[in-house]
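Comments concern the structure below.
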Amino acid sequence: MARTSTDAPLQLGRKRTDRALAPRGVGLALVGDHDPGGPPIAPVGAATLRRARAVAEALYSGEEPAPAARLDWLIADLARFLGSSQGGARRIFWLCAAVVTVVGPLLSLRVGFVDEPVAVRREILERMERSRLSAALLALKAILSMIWFEHPDSAREIGVDGLCKRDAVSRVEAGP
């Protein structure tokens, strides 16, 4: 049987997979020589990173503002993550960030997001969550939270001890 161009093997890094696993428009994870701690493969726009930082600062600030060093770490890791992603994923992130930071304030009868105080940004995000455009915020929160909670300080803040549930239960049953 003759192979068509859509049946041809798809090369991803050093692994080969069938085209059936990668329908058009679907990005697959990178495989190969990319060092996740190295520079991004593709540049991510400064405006996108600025918007992401403003959203993250509003999400992760409580009584105290989110630590600047932690936000710097988050944005650097986000730039590597998005830089390593397929172009479609970067465009979707850009679009969601634009919707949240441009349209979101309009829902609160405001203009601007990045330069607003954290309390105002939180109000804007809360209103955005109740709107029909909440999916854009959900996408940003999912990506930012995935990276935010990878930080070692997060594990300490939420009480993760590194043990799986089974080990923790057996420790409790064994007693002190």
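For the stretch 107-122, indicate whether the set of residues that are assigned to a helix (DSSP H, G or I) and under 17 Å from the mean Cα position of the chain (by Cα) is non-empty. For the stretch 107-122, residues assigned to a helix (DSSP H, G or I) and under 17 Å from the mean Cα position of the chain (by Cα): absent.
Which residue out of 142, 155 is surrounded by fewer than 15 Cβ atoms within 10 Å (Cβ to Cβ), within 23 Å of residue 61 (Cβ to Cβ) and at pLDDT below 80? Selected residue: 155, the only one of 142, 155 that is surrounded by fewer than 15 Cβ atoms within 10 Å (Cβ to Cβ), within 23 Å of residue 61 (Cβ to Cβ) and at pLDDT below 80.
Taking the stretch 60-69 as the range and being outside any loop (DSSP other than H, G, I, E, B) and buried (at least 16 other Cβ atoms within 10 Å of the Cβ) as the test, only 60 passes. Answer yes or no as to whether residue 47 is farther than 17 Å from residue 137 by Cβ, assigned to a helix (DSSP H, G or I) and of a type outside the set (S, T, N, Q). Considered against the rule, which asks whether it is farther than 17 Å from residue 137 by Cβ, assigned to a helix (DSSP H, G or I) and of a type outside the set (S, T, N, Q), residue 47 comes out as yes.
Among the criteria (1) under 16 Å from residue 147 (Cβ atoms); (2) crowded, with 18+ Cβ neighbours inside 10 Å, the one residue 72 does not fulfil is (2). On the given criteria, is residue 125 touching a residue at least 60 places away in the same chain (Cβ under 8 Å) and either under 21 Å from the mean Cα position of the chain (by Cα) or more than 22 Å from residue 64 (Cα to Cα) (or both)? Taking the combined requirement at face value, the residue satisfies it.
When the stretch 130-139 is limited to residues that are in a helix (DSSP H, G or I) and either more than 13 Å from the chain's Cα centre (by Cα) or at pLDDT below 95 (or both), the one that is surrounded by the fewest Cβ atoms within 10 Å (Cβ to Cβ) turns out to be 135.
Per this entry, residue 127 is not counted among residues that are within 19 Å of residue 74 (Cα to Cα), surrounded by 15 or more Cβ atoms within 10 Å (Cβ to Cβ) and either touching a helix residue (DSSP H, G or I) at 6+ places or on another chain (Cβ under 6 Å) or modelled with pLDDT of 95 or more (or both).
The values are calculated or read from the model by the stated rules, or taken from the named source; none is laboratory data. Note that the structure is a prediction, hence the values are computed from the model and not measured. Neighbour counts run over all protein chains shown; Cβ positions are idealised from the backbone, glycine included.
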